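Just so you know, all these numbers are worked out from the coordinates, no wet-lab data involved. All values derive from a computational prediction rather than experimental measurement. In this analysis, Cβ positions are derived from the backbone assuming ideal geometry, glycine residues included, and neighbour counts consider all displayed protein chains.
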Amino acid sequence: MIEIKNLKKYFPIKSGFFNSKSGDVKAVESVTFDIPEGEILGLVGESGSGKTTLGRSIIRLIEPSEGEIFYNNKNILNFNEKDMRSLRKDFQIIFQDPYASLDPRKKIVDIISQGLKIHTTMNKQEIYNKVKSIIKEVGLQEEHLNRYPHEFSGGQRQRIGIARALVLDPKFIIADEPVSALDVTIQAQILNLILELKEKYSLTILFISHDLSVINQIADRVMVMYLGHIVEVASTKNLFSNPRHPYTKSLIETAPQIFRKNENKILLKGDIPSPINPPSGCVFRTRCPHASKDNKEANIEMGLIEVAQDHWVDRCAINCN
Amino acid sequence: MKSEKLLSVQNLKTHFSVGNSIVKAVDGVSFDLESGKTFAIVGESGSGKSITALSIMGLLPNNLAQVDRGKIIFSEQDLLTLEEKEMRKIRGNNISMIFQEPMTSLNPVYDLAFQISEVIMLHQNKNKQDARKIAIEMLDLVGIPEPQKRINSFPHELSGGMRQRAMIAMALSCNPKILIADEPTTALDVTIQAQIIELMQELQKKLGMSIVFITHDLGVVSEISDYVMVMYLGNTMEIAETNEIFSNPIHPYTKSLIDIAPQITEEKRKIQVLKGEIPSPINPPSGCVFRTRCPNASSNGKEGDIEMGLIEVKPGHWVDRCGVNCGHLRT
């Protein structure tokens, strides 16, 4: 349904008196992938890996620097503002922080119905009925509609955020860390809700998270991102049972788990480098446990290679183990 | 419990008065910390984990909080009865604390040299040069590269992981007997979290301090702690050794937390759900505070009349009375 080709996003860094460009933050580097209809694609990576920028670029909340985005075989980067606006109805986003993403001065009913007012020709009563049915769908009551965001807990707010996204019957949803700010018991409730609604409304979802165990529960397929690059893509089952990239391996091994005492896990040294000046060649080489002494990884050009059916890994990682 | 008791918290109650109502943030918590061991406190937001820690440190404002009931025994004195002046000698010296968000807990306008040597000069009567030397040694100990250079850095010049290392250096600079760590890895990425956990374990072996580790993440608990206390709405639900609590949880809340925790190692399944949310501590449920969310709660609400209290079901494994019975009914 959605096809991304060589998508790139550089943010210019401006400095000095004339605001001359002094460099780029290379947030997303030539990313290519597709999302088939009805799939939950997990996107995982550390902070600074470019997950959020990628998500927002796909629906043009951030204008990509280069590349193509096909939605139903049309390149939406060629759309003008008017075409784009009518398309926005199909694309919705659920944000991480349910405290910051709801307007504190609006009632819930206004927050949820705003999209309907803009995108549809429904009259007041129809809008209200629609909002009423959607709020029940996400597990809240009609009487909640006349309250303000501060009257709700984090979990309830996230339900409101989901209702707002769903009210326009979207086809594609970007869920940007929707459960990271929630307690585990509430997290489980929201994940279940997303799974239920996905079936009911036949949604396609890009689910962004830094938490591999959440991704394991919800995604059909997983993309691992590091410093703007996709380093591994595979079905959830394959990725967790047979990770190939050393970064994926170490993410899986270092995630704390209740029933696993992992004594000799591979700890990654250091921090993720700055995307202003990423390492040449394989961007992971500065933290890679397999990096060679003579630094030959610096001359490798990155790119995904299919190692098994639908299991893609960055070229450098195939040789290093 | 064989080894020496270093800290003993007995029936601690911390209540806040808010307007006309009283928030029972911690309502009768007891536990012992053994020397050289790690004691984890687990629970959701609002369960009273952090307030327990702050009560031990004596860091709650006197005008708001009443930490007047219960006892906190450390080296034969009750910390709750100490004057602020005496408490100041213990805090940061014998008992120190690290926090969740290293950006907000380090002072942004001072460099590390000032912030770390301040503690050392205050508690160990060192002059500035010696304090600085110790501070550099501490930074080296916590794995900050080029400590001579880094000691002049300001907090904003460091990454999240490095800041947390600097915090740990500061907390350990007076060689405390107890380190209280309040969600020290929650704000960090997993790869950095793993580094910090390993660092804390290494330092514990080297320096022999005890750790009170507060977290909401059971995965982290299983990696780091010797004992676990599960808290809910200011009350203790269950205390046991780490292995025991994961292999043989008895309280339905502990069971749900373990069931719910997302796993990497198993295949997708229907996610277990605990209904509802943690109630407000202003008006907690009567009787067993967990009853409003308990999957085993009876339909006649008889848990509303139960008085809460821990029962020792096995040596060293304590469970709240209500959880013991309903666990038995189920199995």
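For the residue pairs A:K200/A:K237; B:K49/B:K205; A:K296/B:K206, alpha carbon separations beyond 27 Å are given by A:K296/B:K206.
Take the Cβ atoms of A:M84 and A:K200, set R0 to 35 Å, and the FRET efficiency comes out at 0.80.
Across chain B, the mean sequence separation of Cα contacts (distance under 8 Å, 6 or more residues apart), normalised by length, yields a relative contact order of 20 percent.
Please return the longest range in chain A lying between exposed loop sites, taking GluC sites (Glu not before Pro), DSSP loop only, at most 15 other beta-carbon atoms within 10 Å, and leaving the sites out. Don't jump to the answer; show the numbers that get you there.
Values: sites that count: A:E37, A:E263, A:E301.
My reading of the result: A:38-262 is the longest stretch.
Here chain B is assigned +1 on the Cβ of each Lys and Arg and -1 on the Cβ of each Asp and Glu. Its dipole about the Cα centre then comes out at about 160 debye. Rank A:Q257, A:P273, A:S241 by how far each Cα sits towards the positive end of the charge dipole of the range A:220-321 (+1 on Lys, Arg Cβ; -1 on Asp, Glu Cβ) and give me just the farthest. So the residue we want is A:Q257. For chain A, a Gaussian network of Cα nodes joined below 10 Å ranks A:F91, A:F70, A:F284 by mean-square fluctuation, and the top entry is A:F70. Computed about the Cα centre, the dipole magnitude for the range A:220-321 is approximately 340 debye when only Lys and Arg (+1) and Asp and Glu (-1) carry charge, each at its Cβ.
Counting other Cβ atoms within 10 Å, keep those with at most 12, restrict to DSSP loop, and tell me which trypsin sites (Lys or Arg not before Pro) in the range A:257-321 are left. Kindly include the intermediate steps, with their values, before the conclusion.
Details: sites: A:R260, A:K261, A:K265, A:K269, A:R285, A:R287, A:K293, A:K296, A:R315; in loops: A:R260, A:K261, A:K265, A:K269, A:R285, A:R287, A:K293.
Within the range A:257-321, the qualifying trypsin sites (Lys or Arg not before Pro) (loop, at most 12 other Cβ atoms within 10 Å) are A:K261, A:K269, A:K293.
The GluC sites (Glu not before Pro) of the range B:182-273 meeting both criteria, a DSSP state outside H, G, I, E and B (loop) and at most 16 other C-beta atoms within 10 angstrom of the site's C-beta, are B:E266, B:E267.
What size of dipole, in debye to the nearest 20, comes out for the protein assembly as shown about its Cα centre when the only charges are +1 on Lys and Arg C-beta atoms and -1 on Asp and Glu C-beta atoms? Let's see the in-between values first.
Working: 76 positive and 78 negative charges, 166 e Å.
About 800 debye.
Listed by chain and number, the aspartates and glutamates whose C-alpha is less than 14 Å from the C-alpha of A:K136, apart from same-chain residues fewer than 8 away, are A:E196. Identify the residues of the range A:63-103 with backbone N under 15 Å of a label point that sits 7 angstrom from the Cα of A:K21 along the Cα-to-Cβ direction, or state none. Under 15 Å, as judged by backbone N against the label point of A:K21, lie A:63-67 of the range A:63-103. Averaging the Cα positions of each part gives two centres, and for the range A:194-216 and the range B:146-176 these lie 39 Å apart. Note on chain B: dipole from Cβ charges, positive end direction compared against B:L122, B:L64, B:A169; the farthest Cα belongs to B:L64. Taken along the Cα-to-beta-carbon direction at a fixed 7 Å, the label points for B:L64 and A:M1 span 4.6 nm.
Put a dot 7 Å past the Cα of A:K136, heading toward its Cβ, do the same for B:N11, and the two dots end up 5.1 nm apart. Looking only at A:Q158, A:Q141, A:Q257, which one moves most when chain A is put into a Gaussian network model with springs between Cα atoms under 10 Å? Result: A:Q257 has the largest fluctuation of those listed.
The value of relative contact order for chain A, using C-alpha pairs under 8 Å at least six residues apart, is 20 percent.
Given the options A:S49, A:S86, A:S15, which has the most mean-square fluctuation in a GNM of chain A, springs set between C-alpha atoms less than 10 angstrom apart? Evaluated over chain A, the most mobile residue of the options is A:S15.
For helix A:184-200, what angle does its Cα long axis make with the longest principal axis of chain A, in degrees from 0 to 90 and rounded to 10? Here the helix axis deviates by roughly 70 degrees. With contacts taken as Cα pairs under 8 Å and at least 6 residues apart, the range A:220-321 reaches a relative contact order of 30 percent. Sparsely packed loop sites in the range B:90-193 (the trypsin sites (Lys or Arg not before Pro) outside DSSP H, G, I, E and B with at most 13 other Cβ atoms within 10 Å) do not occur. Residue by residue, the range A:211-222 carries 3J(HN,Hα) couplings of 9, 4, 6, 5, 4, 4, 6, 10, 8, 8, 9, 10 Hz when phi is fed to the Karplus relation 6.51 cos²θ - 1.76 cosθ + 1.60 (θ = phi - 60°); x denotes Gly or Pro. Here B:L257, B:L207, B:L80 are placed in order of increasing Cβ neighbour count within 10 Å, fewest first, which gives B:L207, B:L80, B:L257. Each other residue within a Cβ distance under 10 Å of A:S250 adds +1 if Lys or Arg and -1 if Asp or Glu, for a net charge of +2.
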